[in-house]
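Participant: Got a structure here, written out as structure tokens. Questions coming.
Every number here is computed from the coordinates shown, using simple stated rules; none is lab data. Predicted model only: the values in this text are computed from it and were never measured. Note that each Cβ is placed from the backbone with ideal geometry, even for glycine, and that neighbours are counted across all protein chains shown.
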Amino acid sequence: MKTVLTLSASFGDGHAAAARNLSEALESLSGEVRVEVFDLFESSYGAFHSMARKAYSKVIRLAPSLWGGLSTLRDRSALRDYAGFNVARLQRDLGHLLQDTQPDTVIVTHPLYTTLIRDLYRDHAEHPFRFISLVTDCGGLSAPWLEAAPTDVYFVVDSAAAGALRARGIRGEQIKTLGFPVSPQFCHRPELPLPAPGGENRCRLLCLIDSPGKKPGKALKRLLDHPEYHLTVVVGRNACLKAGLTERLRAHSDRVQVLGWTNQMPSLLRSHHLLIGPPNQTLIQEAIAAQCPMIVCQFGSGQKSASGRTLTELEIGAVAEKPAEVVERVKQACRREAKVWRRWRENLSKVSRPDAALRMAEVVLRECDHTSQNSGRAGLARGANQPVHEKAPGPGVSTHPTRPLLCDFHIHTSYSDGKLSVAEVIDFYGHRQFDCICITDHLADSRRLIGKLGKLSRLTLNPGQLPEYFETIERERRRAWRKYSMLVMTGLEFNKDGLTQKASAHLLGIDLQAPILDCLDLPETIDQIHAQGGLAVASHPHIMKSEWGKNTLYLWEHQERFAPLLDAWEIANRNNVFNPVSAKRLPYLANSDFHKPKHIYSWKTLVSCEKTPAAIKECIRKNERIAITLYREAESGLRQAGEPANVSWSSEEPSPNGAGMVSPLSPAA
């Protein structure tokens with residue numbers, strides 16, 4: 001098994017995106033590679049890093065010209081003073097990380113890491129791994145990269161950056177000009193080409209709005225004045241902005257679609273004639289990969305950004321400095337049988353490199369082989385307790401664990417009201433050695449008022465997103481098993497919310513194979529879940545005391561009707577323990593109802609069986625060899641195998657450790 005360690009940062013355009021996309025490409029090319037991505041700025045500096053990142057985002061969004069001046073001052077400073085961080089802590093944590101992971105190849109997307117690694121190995125003849133810089137700068141190199149310590153290989157976006165490296169004395173064979181590493185999903189081309197705008201082909205505009213404001217609103221209003229334009233508006237994770245725009249644009253619903261967060265940007269970019277959005281370098285590189293011309297909105301910036309210069313120099317788009325200019329740029333592109341648009345598309349075809357991440361991944365794998373051939377080099381010793389990562393068997397293969405399986409069957413992502421994306425949830429639980437999780441985003445009943453309001457605010461899944469949701473989890477399921485030996489199930493939390501707590505019910509569908517309509521009654525929904533081989537579980541069925549939230553008591557109030565239909569009831573949800581579920585001797589599960597990272601410290605389920613979805617579900621249905629535990633992490637920050645806390649089992653048979661078991665919770669607990 002080859003190990004690739006990628007060191008990233010959430011400051012600036014492209015660092016984190018490049019690391020994430022290259023990791024995705026590596027895992028798609030080889031099942032024999034373990035990819036670890038770390039942002040040491042975040043892990044080493046915690047709250048200070050969060051504040052700095054938020055400040056950076058606000059400055060970029062609200063005062064881009066101010067950021068330009070700050071960037072100039074920053075670029076003149078030495079790397080050892082970069083961003084005001086105390087680099088001693090960063091270097092210490094980096095040393096521990098390198099010793100723990102023992103990588104074959106290290107990739108850095110931020111220049112400060114090169115200097116830290118050089119200093120760590122100053123007393124060694126050379127570092128015991130191949131060392132790669134992934135430079136996301138376009139049109140040359142920023143001062144920090146010019147000051148960075150040398151590495152074995154350089155991935156650069158364009159010839160200007162390659163020339164700057166050669167001027168520094170870097171040999172040509174070390175420099176790989178491969179483009180910006182966008183997601184490998186951009187490699188999938190549509191079967192039919194997009195026809196040019198004009199005539200019966202209404203001009204399709206993809207508008208990205210990352211924050212509320214008068215100027216983006218004015219630009220949108222001016223575009224709506226032209227009935228020949230069809231608009232898709234994407235607002236990301238801003239739920240309030242989505243709700244407001246959906247209501248304001250309801251009168252134009254025949255030619256306007258408002259979307260929240262989505263992972264379908266490749267297909268959206270390919271199916272639209274123009275992208276209109278902020279000067280975000282990663283966004284522009286994705287547009288280039290999809291060959292979608294872009295109009296960059298630089299309202300009030302006072303100067304052209306690097307992103308704007310990229311568009312104009314390559315003649316693949318335009319810049320709008322005022323809301324009125326947005327419409328003019330669109331008109332310019334579509335005039336005279338879309339002459340300008342055709343020229344932009346032709347130029348894009350010359351510079352588009354949608355397979356950049358895959359080409360980089362091929363180089364990385366070759367570099368890993370180079371490390372294996374030279375494994376006798378001096379390096380840090382592998383710790384005695386460092387685990388050996390074997391190739392994981394497929395999810396259908398029977399595996400007999402030496403410890404109970406740690407499971408969480410109630411997890412929300414950014415598809416509804418969770419803070420993390422599906423991929424981030426997979427890595428979050430995978431690093432903590434969970435054995436099985438189920439992602440269960442909210443799906444509200446569209447027949448009910450609360451369900452309609454929830455959809456407007458992006459607190460629940462939109463039914464139109466269900467195919468994308470299932471596709472995304474399926475892709476991440478394969479990655480989770482390959483990388484962490486962790487089972488991932490697809491699920492939904494069906495929200496049947498009434499005006500009172502006794503009229504409201506939440507139902508978990510666990511291990512679903514296909515979408516289920518949101519507007520079915522509860523018995524019909526349960527039947528659909530069972531028809532797919534899934535589990536139907538009552539979610540937080542009793543009164544919650546430790547967490548704020550509306551109680552959902554309908555299933556409990558009608559347990560005589562639903563107990564024969566349900567596979568299990570949540571006996572514990574996050575920090576709530578429902579003693580009446582134990583008193584009724586109902587089959588049970590314990591889940592975190594995960595929405596954000598701190599929710600991991602909550603009740604979980606332990607299952608003693610083979611590590612397959614079928615075996616786990618059978619234990620739950622029979623309510624045998626099921627236990628609950630309060631999850632806590634070891635001092636290292638991650639759970640050590642075989643260290644559950646406060647375990648209670650659901651049968652009277654001997655436990656795997658030979659200890660006697662007790663009933664889950666006594667009625668008097």
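Participant: Given a cut-off of 23 Å, name the pairs among Lys218/Lys339; Lys550/Lys596; Lys545/Lys604; Lys496/Lys545; Lys496/Lys598 whose C-alpha atoms lie farther apart than that in the structure shown.
Facilitator: Among Lys218/Lys339; Lys550/Lys596; Lys545/Lys604; Lys496/Lys545; Lys496/Lys598, the Cα-Cα distance tops 23 Å for Lys218/Lys339; Lys496/Lys598.
Participant: Starting with the fewest neighbours, write out Val364, Val607 ranked by other beta-carbon atoms found within 10 Å of each beta-carbon.
Facilitator: With the sparsest Cβ surroundings first, the list reads Val607, Val364.
Participant: Here is a follow-up. Taking square-rooted eigenvalues a ≥ b ≥ c of the alpha carbon gyration tensor, is the stretch 143-273 rounded, prolate or oblate, where a/c under 1.5 means rounded and, failing that, a/b exceeding b/c means prolate? Walk me through the numbers on the way to the answer.
Facilitator: Working: a/c = 2.93, a/b = 2.06, b/c = 1.42.
Prolate.
Participant: If you don't mind, there's one more thing I want to ask. Considering only DSSP states other than H, G, I, E and B, which trypsin sites (Lys or Arg not before Pro) in the stretch 153-186 qualify as loop sites with at most 16 other Cβ atoms within 10 Å?
Facilitator: Working: sites: Arg166, Arg168, Arg171, Lys176; in loops: Arg168, Arg171.
Hits after loop and neighbour filter: Arg168, Arg171.
Participant: Return Val327, Val233 ranked ascending by Cβ neighbour count within 10 Å, so the fewest neighbours appear first. Provide the component values of the computation, followed by the final result.
Facilitator: Working: Val327 18, Val233 22.
Going from least to most buried by this count: Val327, Val233.
Participant: Relative to the compact-globule scaling 2.2 N^0.38 Å, provide the ratio for the alpha-carbon radius of gyration of the stretch 405-649. Write down the numbers at each step before the final one.
Facilitator: On the way: Rg = 16.5 Å, N = 245, 2.2 N^0.38 = 17.8 Å.
This ratio for the stretch 405-649 stands at 0.93.
Participant: Here's a follow-up. How do Ile616, Ile439 line up, fewest other C-beta atoms within 10 Å first?
Facilitator: Values: Ile616 26, Ile439 30.
Fewest-to-most ranking of Ile616, Ile439: Ile616, Ile439.
Participant: For Ala143 and Lys419 in one chain, what is 0.36 nm times their gap in residues minus the Cα-Cα distance, to one decimal in nm?
Facilitator: Gain on stretching Ala143 to Lys419: 95.9 nm.
Participant: Can you compute 3J(HN,Hα) from phi for each residue in the stretch 417-429, using the Karplus curve 6.51 cos²θ - 1.76 cosθ + 1.60 with θ = phi - 60°, rounded to whole Hz and x for Gly and Pro?
Facilitator: Per residue, the Karplus-derived 3J(HN,Hα) values read 10, x, 8, 9, 6, 4, 4, 5, 5, 4, 5, 4, 6 Hz.
Participant: Same structure, new question: Mind giving me the FRET efficiency for Ser446 and Arg166? R0 is 60 Å, r the Cβ-Cβ distance, nearest 0.05 is fine.
Facilitator: With a Förster radius of 60 Å, E is 0.50.
Participant: Percent relative contact order of the stretch 191-351, based on C-alpha pairs within less than 8 angstrom and at least six residues apart?
Facilitator: 24
Participant: Additional query: Find the relative contact order for the stretch 405-649 and round it to a whole percent, using C-alpha pairs within less than 8 Å whose residues are 6+ positions apart. Provide the component values of the computation, followed by the final result.
Facilitator: Working: 535 pairs, mean separation 43.7, N = 245.
Answer for the stretch 405-649 is 18 percent.
Participant: In whole Hz, what ³J(HN,Hα) sequence does the stretch 268-273 give by Karplus (6.51, -1.76, 1.60; θ = phi - 60°), x for Gly and Pro?
Facilitator: With the stated coefficients, the stretch 268-273 comes to 5, 5, 6, 9, 10, 6 Hz.
Participant: Okay, next question. Any idea what the dipole of the stretch 156-209 comes to, in debye rounded to 20, about its Cα centre with Lys/Arg Cβ at +1 and Asp/Glu Cβ at -1? Write down the numbers at each step before the final one.
Facilitator: Values: 7 positive and 4 negative charges, 48 e Å.
Value, rounded to 20: 220 debye.
Participant: Equivalent ellipsoid semi-axes for the stretch 191-351, as square roots of 5 times the alpha carbon gyration tensor eigenvalues: give them largest first, rounded to whole Å.
Facilitator: One finds semi-axes of 22, 18, 16 Å for the stretch 191-351.
Participant: Related question: What dipole magnitude, in Debye to the nearest 20, does the stretch 191-351 give about its Cα centre under +1 on Lys/Arg Cβ and -1 on Asp/Glu Cβ? Working shown, then result.
Facilitator: Working: 25 positive and 15 negative charges, 66 e Å.
Its charge dipole is roughly 320 debye.
Participant: According to the Kirkwood expression over distinct Cα-Cα pairs, how big is the hydrodynamic radius of the stretch 324-363, in Å? Mind showing how you got there, number by number?
Facilitator: Details: mean 1/r = 0.0822 Å⁻¹.
Radius from the Kirkwood sum: 12.2 Å.
Participant: Would you work out which of Val488, Gln532, Ser602 lies farthest towards the positive end of the dipole of the stretch 405-649? Charges go on Cβ: Lys and Arg +1, Asp and Glu -1.
Facilitator: The Cα lying farthest towards the positive end belongs to Ser602.
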